[in-house]
Amino acid sequence: MTGRGAAPLGRGRLLGYDAGETAGLALGPGLYALVLALSGFVAAAAPVAQSPGALTGLLLGFTALPALLMLISLPFVLRYGRLTLAGKEAV
């Protein structure tokens, strides 16, 4: 039984996909916040001059971090694709 807007179960979607998507949506911003904290980013209501390290953290958080996360997810995406193809061949 699902409500409106709830993910349908058993209609070609895997429960693990939903859990992975939710974890990814939580993990990404957390890792970005960690990069900013480690780089010395200063959060303030008014504009503040950032250190060169903080600017590098901003750059890496928007470029290298997403690329790294995509590379980490690649084996899982490829495996899912193989499982989907194998399921279609079995039918």
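Things to note:
- Out of Leu9, Leu14, Leu36, Leu85, one residue alone is at pLDDT 80 or above and not polar (S, T, N, Q). It is Leu36.
- Counting only residues that are β-branched (Val, Ile, Thr) and either part of a helix (DSSP H, G or I) or closer than 17 Å to Ile72 by Cα (or both), the stretch 15-56 holds 3 of them.
The values are calculated or read from the model by the stated rules, or taken from the named source; none is laboratory data. What you see is a predicted model; the values in this text were computed from it and never measured.
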